[in-house]
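Visitor: Have a look at this one.
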Amino acid sequence: MKMFDIAVVGGAGHIGLPFSVYLQNKGNNVLVIDPNKKYVSLAEKGNPPFVEKSFKPNLENALLKGLKFTDKIENTSGSILFSLDDRFIFYSKLDENHRPKKIFRHEIGKSIKEDLLIFEERTPAFTVSIGISADEKYYFINSSDHNTSEKYYFKSNESLPKPKIVRKREKGIIYSVSSWGGYFYIHTNKGAEDFKIERSRDIEASKWEVFIPAKNETMIGGLTFLKNWIIRSELNNALDKIFVRDINSNKEEELIFTDEEVYDGSISHTQKDRNTDLIYISYSTPKTQARTYLYNLKTKEKKLVKEQIIPTGHVPKNYIVQRIECNSDDGRKVPLTITRHKDTPLDGSANLLLYGYGSYGASMSPSFSSTRLSLINRNIIWVTAHIRGGMERGMKWWKEGKLLNKKNTFNDYIAAAKFLIEKKYTSKGKIIGMGGSAGGLLMGAVVNKAPDLFLGMIMAVPFVDSLTTNLDHSLPLTIGEFDEFGNAKDNKDHFDYIYSYAPYNNIKKMDYPNILITTSLSDNRVLFDEPAKFTAKLRDYKTDNNLLLLKTEMNAGHGGKSGRDGAIEEIAFDYAFILKIAEKI
C-alpha cells in the first residue's frame, strides 16, 4: 500500500474548523482525514488539490501507522496547493476566529520556521485563498467577503513571490481573473449587475475589451479553457445553459444536454492536457438520474460512459416535472420546480413538501435525487421554491432578498405555498416545509407568520436566533455576513428590522404545526444553542398538541454526520417524521 508523507488532519465537512498539516522530509501527497475517522481524501502532486478518493472506515490508521513526521503546521484551512515544480506547498492559516487570513509558502523538506508569508489580509470580514490560472503561468490570491473581492497575482516561476494587486476592492464589486492564450480574462459585476467577461493582453491595462456582455437577470458564469475551445455558462430563471466557442472561428453555440426542459448540466475536463476536443458532459433532471457522456466538441458526438444506478429500479417516464411561476405579494414572479408521480392526483388531496433556502445568492439546481423518490412514490409532491435571496434570476434576485429586503424571501415562500393550494396541488394544512441553516431561518420566520398553511416543518441546523448571533461579532461568520443580514449592533435600523423577523424573537402564543428541529453539538456555523433556545421557548408558547422534536447529533458539524451511512440515516429520520405526520406509516 502506498504511504503518504504530507498529511492533513482536521475537520473535513466541518467548515471553519482548523486542519493540521503533518510533514516529513519529502512530500508527495496530501492526506485529509475526516474528524470522525471514517473517510480520507487524497490530493496528489501534479493534480488539482483534493482529488477525493473514498476509503474504507478506519483506513487512516493503517495509512498513518509507522510514519514518523518531522514537522506540523497547525490551524490551516485544509486547502493545500502544490507548486508546479513540486518544491513548495501553499496554504492558508486561520486566525483566532477560524477565518483564513494569511497565505504561506512552505518548502518541502525545510522547517516550517522558514515558511514564507506571502500575503496577509487585515480587514476582519475578508478571508483569503490561493489558486492557479488556467495556463498555469500565474498564481492568484483571492481576498473577499460575501459581496466584495480583490485579487493579487504573481508569476508561477517567481522564486520570491511578491503579489501585485489586479484591481483595488470596491464595495459590492466581485471579480475573478484567469489567463489563457495570451489574454487575461476578468469575470466581474462592475458596471454589469449580473456579470460580464472582459479581456486584455495586459493585466495592468486601464481599459479591457468586452468579451461576453452583460444580460439583464441572466447570470454570466466563468470560463473553462481548452486549446481550441472556450466554454462558459449562463443562469436564467433557475435554469443553466452551457455555451461552447470555437476559438479559431469565434463561433459560439449552446451545448444541448437533453430535450427535457428542466435540467442541471455541467462539464469537466477529460485530462490535464488541454490539447483535446473531448470533454465530459453530465446532467440530471428531477426525474432522470445523473448521466455522464464523453463529448466531442468538434464532431458533437457523445458516448454514455456512466449512469447513476438506482438499486430499486427507476423509470423516469413515471414522473412529471413542471416549471411554473407564481406571483409574490409585490408582483415578482417566483419560479417553482415541481416533481410528482404521474398517478398523484391534483385535486388538493396530496401532501406536498416545499423546499426553500433563499440566502447568500445560492441558487437551487433542479437536479436528481434518488432519496426524494421515497416521498414522491407515496404521493407527496416535491416542490423547490426558487425564492429571492438566491441568484436564480441574477444579482437583483439576491439583493431583493437580503439586508432590509430579507422579508421578500419569506413572502415569496408563503406566496408559493398559497399558490400551490390554489392550484390544487395540495390543500391548507397539508404542506411540509423544509429548509436548513439559512433555510432554517426561512422556516422559522414563515412558521411564525403563517403556521396554518403547514402540516409540519423540518428545520435543519436552523439559524433561528439570528439577532443574538448578529450582535456577537466574535463568532466566526458574523462580521463576514454584515452585507447579507446587516449589523444590528451598530445600526438601529438593522436591529429593528432583524428583530421584526428573527424566529426566536417572534414566537407567539398560538397553534404551530408539527416541527422537527435538528442540530449538531460541534456546529460552529449555527451554534447548537440557537435551535435549543428556539425549541425551549416554542414549547412554552405553543398552544397545540402537535409534535415538537429536537434532535441533537453529539458528534457532527454543520453538514451533519460524516460518511455515506450517516447521511442516509439523517435523511431516513427526516422522512420518517414526514411519513408519520402525513399518516402514511
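The values are calculated or read from the model by the stated rules, or taken from the named source; none is laboratory data. Model, not experiment: these values are computed from the prediction. Neighbour counts run over all protein chains shown; Cβ positions are idealised from the backbone, glycine included.
Rundown of residues vs (1) of a type in the set (A, V, I, L, M, F, W, C); (2) more than 14 Å from Val262 (Cα to Cα); (3) out of contact with any Lys or Arg (no Cβ under 9 Å at 6 or more places or on another chain); (4) without any contact (Cβ under 8 Å) to a residue 12 or more places away in the chain, yes/no style:
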{"site": "Val334", "(1), (2), (3), (4)": "yes, yes, no, no"}
{"site": "Thr339", "(1), (2), (3), (4)": "no, no, no, no"}
{"site": "Gly356", "(1), (2), (3), (4)": "no, yes, yes, no"}
{"site": "Tyr360", "(1), (2), (3), (4)": "no, yes, no, no"}
{"site": "Ser374", "(1), (2), (3), (4)": "no, yes, yes, no"}
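Visitor: Among the listed residues Lys551, Lys537, identify the single one that is over 27 Å from Ile380 (Cα atoms) and either in contact with a helix residue (DSSP H, G or I) (Cβ under 8 Å, 6 or more places away or on another chain) or modelled with pLDDT under 95 (or both).
Guide: Being over 27 Å from Ile380 (Cα atoms) and either in contact with a helix residue (DSSP H, G or I) (Cβ under 8 Å, 6 or more places away or on another chain) or modelled with pLDDT under 95 (or both) holds for just one of Lys551, Lys537, which is Lys537.
Visitor: Next question. I'd like the full set of residues that are buried (at least 24 other Cβ atoms within 10 Å of the Cβ) and in contact with a helix residue (DSSP H, G or I) (Cβ under 8 Å, 6 or more places away or on another chain), limited to the range 435-453.
Guide: Matches in the range 435-453: Gly435, Gly440, Leu441, Leu442, Gly444, Ala445, Val446.
Visitor: How many residues are in a strand (DSSP E or B) and either surrounded by 12 or more Cβ atoms within 10 Å (Cβ to Cβ) or at pLDDT below 95 (or both) if we restrict to the range 187-209?
Guide: Number of matching residues: 7.
Visitor: Which one of the conditions (1) among the polar types (S, T, N, Q); (2) closer than 28 Å to Asp493 by Cβ; (3) surrounded by fewer than 24 Cβ atoms within 10 Å (Cβ to Cβ) does Ser427 fail to meet, given that it meets all the rest?
Guide: It is condition (2) that Ser427 fails.
Visitor: May I ask you to list the residues in the range 98-123 that are surrounded by 18 or more Cβ atoms within 10 Å (Cβ to Cβ), of a type in the set (A, V, I, L, M, F, W, C) and part of a strand (DSSP E or B)?
Guide: Correct list: Ile103, Phe104, Ile118, Phe119.
Visitor: Let me ask another. Would you check which residues across the range 359-413 are under 30 Å from Ala572 (Cβ atoms) and of a type in the set (A, V, I, L, M) and list them?
Guide: Matches in the range 359-413: Ala362, Met364, Leu373, Leu375, Ile376, Ile380, Ile381, Val383, Ala385, Ile387.
Visitor: Is there any pair with a first residue in the range 488-509 that is among the basic types (Lys, Arg) and a second that is modelled with pLDDT of 95 or more and surrounded by 15 or more Cβ atoms within 10 Å (Cβ to Cβ) whose Cβ atoms are under 8 Å apart and which are 6 or more apart or on different chains, and what are they?
Guide: These pairs meet every condition: Lys489/Asn470; Lys489/Leu471; Lys489/Phe495; Lys508/Asn448; Lys509/Lys542.
Visitor: Can you find a residue that is among the hydrophobic types (A, V, I, L, M, F, W, C), out of contact with any Pro (no Cβ under 9 Å at 6 or more places or on another chain), in a strand (DSSP E or B) and farther than 20 Å from Leu84 by Cβ anywhere in the range 124-146?
Guide: Checking the range 124-146: not a single residue is among the hydrophobic types (A, V, I, L, M, F, W, C), out of contact with any Pro (no Cβ under 9 Å at 6 or more places or on another chain), in a strand (DSSP E or B) and farther than 20 Å from Leu84 by Cβ.
Visitor: With the requirement that a residue be under 25 Å from the mean Cα position of the chain (by Cα) and among the acidic types (Asp, Glu), what does the range 527-565 give you?
Guide: Result: Asp529, Glu530, Glu553, Asp565.
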